[in-house]
1. Using only Cα atoms, locate the centre of region 437-455 and the centre of region 134-150, then give the distance between them in Å, rounded to an integer.
2. Please list 207-218, 173-184 highest first by mean number of surrounding beta-carbon atoms within 10 Å per residue.
3. What relative contact order, as a whole-number percentage, does region 369-419 give when Cα pairs under 8 Å and 6 or more residues apart are counted?
4. How much length is gained on full extension from Glu345 to Glu183, taking 0.36 nm per residue of separation minus their Cα-Cα distance?
5. How high is the relative contact order of the chain, given as a whole-number percent (alpha carbon pairs under 8 Å, six or more residues apart)?
6. Give me the distance between the Cα centres of region 238-273 and region 289-310, rounded to whole Å.
7. Please list, ordered by chain and number, the residues whose modelled amide H lies under 5 Å from the amide H of Phe388; skip anything fewer than 5 residues away on the same chain.
8. Could you put Cys443, Cys346 in order, starting from the residue whose Cβ has the fewest other Cβ atoms within 10 Å?
Amino acid sequence: MASQPEFDAIVIGAGISGLYMLYRLREMGMTVRGVEASDQVGGVWNWNRYPGARVDSESETYAYFFSRELLENFDWSERFAAQPEVLSYINKAADVMDVRKDYTFNARVTAATWDDDAATWTVSFEGDRPDMTCRFLVSALGPLSAPQYPNIPGRDTFKGLTLHTGLWPRDPGGFGPAPLDFEGKRVGVIGTGSSGVQVIQEMSKVAGDLTVFQRSPNWCTPLGNGPITADEMQEIKANYDDMIGFLDTTLAGFSHIFRDQNTLEATPEERRALWEELYKGPGFSLWLGNFKDVLFDKEANDLVSEFVADKIRERVSDPETADKLIPKDHGYGTKRVPLETKYFECYNQDNVHLIDVKADPITRITETGIETESGKFDLDVIIFATGFDAIVGSWNRIDIRGRDGVSLKDSFDEGMSTYLGMQVADFPNFFMLVGPQNGATFCNIPRCSALMIDWLDGLMRTALEQGTQVIEPTSEAQADYTRLCQKLLSRTLIGSTNSWFTGINTNLGREGRDALVWIGGNPMYRDLCTRIRENGYEGFLFDGAPLAEEP
Ligand code: NA7
């Protein structure tokens with residue numbers, strides 16, 4: 001017998017997707033509470049305040065589109081906004097939605113437990129905060145919110161300043177980083193993913209001496225940033241409808257669309273001309289505006305990889321250093337492509353040194369710095385740009401127990417399987433946003449998560465209209481969807497590359513690739529969701545049965 005919980009719904013997380021989800025649930029007439037570990041909104045943009053942090057999506061596309069008020073009243077200052085501007089935008093959006101009053105801040109969720117008799121979730125918190133209960137539990141945890149440190153002996157012994165890009169100290173009362181002084185300091189950065197590349201660029205300008213500890217190089221390409229003038233902003237505002245329509249046609253909600261041509265159908269001269277243009281183009285032009293087979297066909301991928309390798313050789317003066325900066329273990333675009341501004345040129349500066357820690361592994365961290373097998377580096381600051389326990393880590397940090405006490409982590413460990421990346425069988429009324437296998441995870445997140453939340457809005461409204469207490473997926477629908485995720489991923493070169501997209505996390509000893517992302521793109525995901533809705537939310541059970549009639 002279902003009993004009355006404290007709230008109709010609880011949303012965990014006050015990042016981009018959580019805020020919008022809460023707003024939609026409230027508009028639906030539900031009693032809803034948001035809970036957030038931090039003392040403020042912003043999610044990933046609140047935690048990752050390191051110098052150099054910025055979006056790789058064109059700023060005006062990295063936004064909510066549901067509110068004309070917001071579209072009209074926010075002016076972006078740069079083509080690719082820096083973290084403080086993105087955080088100020090999210091704060092403005094929170095004002096427009098008026099959602100802060102519905103949040104409990106400083107509330108880190110440690111556990112969530114389903115009670116099948118009462119048909120409610122009980123949510124528990126760190127410290128002595130009392131539990132809360134709800135009918136529907138939405139986890140908007142962020143795919144990159146569980147920072148990880150490498151397992152290097154002696155990490156806690158370092159007497160200098162230790163920082164992690166994902167847990168950067170903040171400017172009290174402001175939107176940016178704490179005013180730390182790196183001028184003239186000896187700085188070491190471990191990690192050369194997107195965060196490492198961004199922070200290295202900034203540190204190279206101020207550090208007396210910067211040592212980069214690189215395990216794997218990445219295929220970084222230019223960001224193409226610059227200011228947005230007042231006239232340009234007016235033009236952007238005048239064309240919002242066209243832009244939104246266009247974004248919905250692209251693979252991942254970015255402003256780039258693959259060519260309708262295969263690489264080898266173009267002559268070498270045509271290929272070169274296109275790649276030169278795309279390399280100079282903004283953001284993910286080269287990644288997502290390329291020939292349509294570059295992420296599928298090894299021969300095509302080798303050609304574009306060689307083009308980017310030549311660019312690195314042109315930009316780095318010392319051939320040996322250039323060679324260390326060229327990836328050998330994966331092709332261009334098969335992992336997340338970091339975007340950069342004069343990143344490679346940093347290595348031409350006398351104050352910047354590159355250590356290849358695959359050839360010369362870090363052995364330990366000491367009171368004074370980092371030691372490798374063949375060297376000793378005295379440092380004032382160590383920056384860990386070592387990423388996250390991506391996607392699954394955000395959920396695994398919480399002890400989530402479904403029907404009969406079954407653990408979500410155990411279910412993930414057995415092999416990722418979800419329905420639409422939204423629900424998992426045996427976890428009734430539990431929803432995930434931008435998590436494993438979700439259409440918004442390999443995507444321009446604000447754009448794609450809003451589309452998904454709008455769709456979930458329809459599902460929840462239908463449930464409310466029917467007086468449904470329990471929504472859950474069927475095991476069959478979940479297995480079919482998971483097979484589709486696996487099939488789509490296996491067709492791409494991304495699927496055969498070790499990265500956080502495929503669930504490899506060597507730091508955590510996680511081996512063996514798994515389909516953690518939906519790679520089919522936004523239009524296919526949206527069409528699938530539309531078809532499911534039109535078929536009476538096919539694959540979902542409402543109080544244990546398919547929906548009685550067409551919604
Ligand atoms: P990433 O992309 O996961 O990068 C982490 C980096 O840290 C990567 O270069 C790792 O090398 C490196 N790493 C991790 N552990 C170690 C150890 N033990 N020794 C040396 N180097 C290590 O995280 P980011 O924060 O840069 O970016 C995450 C996402 O945020 C990004 O994709 C964007 O979507 C935004 P590895 O490649 O594992 O050899």
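1. For region 437-455 versus region 134-150, the Cα centre distance is 15 Å.
2. Numbers: 207-218: 21.2, 173-184: 13.3.
Top to bottom by mean Cβ count within 10 Å: 207-218, 173-184.
3. Details: 25 pairs, mean separation 9.2, N = 51.
Dividing the mean separation by the residue count of region 369-419 yields 18 percent.
4. Numbers: separation 162, 0.36 × 162 = 58.32 nm, distance 1.95 nm.
Extending this stretch completely gives an extra 56.4 nm.
5. Numbers: 1129 pairs, mean separation 103.4, N = 551.
Result for the chain is 19 percent.
6. 15
7. Under 5 Å from the amide H of Phe388: Gln148.
8. On the way: Cys443 25, Cys346 21.
The fewest-first ordering by Cβ neighbours comes to Cys346, Cys443.
Bear in mind that the values in this text are calculations on the coordinates, not laboratory data. Note that the structure is a prediction, hence the values are computed from the model and not measured. Glycine gets a Cβ as well: all are built from the backbone with ideal geometry, and neighbour counts include every protein chain shown.
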